[in-house]
1. So what's the net charge close to D28: Lys and Arg +1, Asp and Glu -1, counting the other residues with Cβ under 15 Å from its Cβ?
2. Each label point is 7 Å from the Cα along the Cα-to-Cβ direction; what then is the distance between the points at D15 and E50, in nm?
3. Assuming R0 = 41 Å, what is the FRET efficiency of L131 and E166, from their Cβ-Cβ distance, to the nearest 0.05?
4. Compute the length gained on full extension between L106 and E173: take 0.36 nm times their separation in residues and subtract their Cα-Cα distance, giving the result in nm to one decimal.
5. Please list, ordered by chain and number, the residues whose modelled amide H lies under 5 Å from the amide H of R75; skip anything fewer than 5 residues away on the same chain.
6. Kindly state, to the nearest 0.05, the FRET efficiency for R124 paired with H61, given R0 = 41 Å and r defined as their beta-carbon distance.
7. Roll a 1.4 Å probe over the protein chains and send me the accessible area per residue for the range 17-129 in Å².
Amino acid sequence: MANQYVTAAEHVPEDATGETVTTLQLRDPETKEIFEARVRLSRTEPHLEEPHPLSVVSGPHETTTEQWYVEFVDRAVDETLLESLASSQRERSNVLNTRSDDLKVLLEYLVETGRYESSSAAIRELLFSQLAEQEPSLVDAYDEIRTEYDSDPLREALERTADRNERAASNTEADGNGSRDAGSDADTAPTTTTPTDRDRTHPSR
């Protein structure tokens, strides 16, 4: 991070107190990079735990400057970039290589002492925990994107087809039972015979 940042007065909330987290557009005067970050703002340093000087400029030519201080919570997430990376990752290897003897020794110690089942498991848990603590916005944004990608259109289509087939089978079975019931009633109903002329003229004795 740079030693000092710059922002326009129009971006600064009126109720900035050093306790409220806000998203602010900042400029790094060294690299000329303009970016957004979630920060806390204050006019004095004691209100922030890790203050960085912030020049708040105003006026037609930004000639008026007020000295503020800013504390970073985390940078705002470029969701377009994150979604692009998530999409391309589906077609690439997910193997990470740290190329560090020291890290490998420490990870193997954690495995040998029963803290983790494998070096891969240790790396995943430690990195995810660190990311969740240091970059909560990034983790939250990726969690939403991952949920969207976990939705498999083919699987959903197959499930819908299976549901339709199951409902159709249930309806067919219900109709079949109705037909059989009607047939059973016909079989068990008493049979009546209309008397003929002969029966009427020659009654049985």
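1. Details: positive: R27, K32, R75; negative: E30, E33, E36.
After counting each charged neighbour, the total is 0.
2. 2.7
3. Values: r = 42 Å, r/R0 = 1.03.
My answer for the efficiency is 0.45.
4. Values: separation 67, 0.36 × 67 = 24.12 nm, distance 6.41 nm.
Length gained, L106 through E173: 17.7 nm.
5. Those lying under 5 Å, H to H, from R75 are R38.
6. Values: r = 51 Å, r/R0 = 1.25.
E between R124 and H61, to the nearest 0.05, is 0.20.
7. On the way: 8380 Å² over 113 residues.
Normalised by residue count, the accessible surface of the range 17-129 is 74 Å².
The values are calculated or read from the model by the stated rules, or taken from the named source; none is laboratory data. A quick note: this is a predicted structure, and the numbers were derived from the prediction, not measured. Methodologically, a virtual Cβ is constructed for each residue, glycine included, from the backbone with ideal geometry; neighbour enumeration extends over all protein chains shown. Quick note on the areas: whole protein, heavy atoms, side chains included, nothing else; ligands and nucleic acids left out. Shrake-Rupley method; radii C 1.70, N 1.55, O 1.52, S 1.80 Å.
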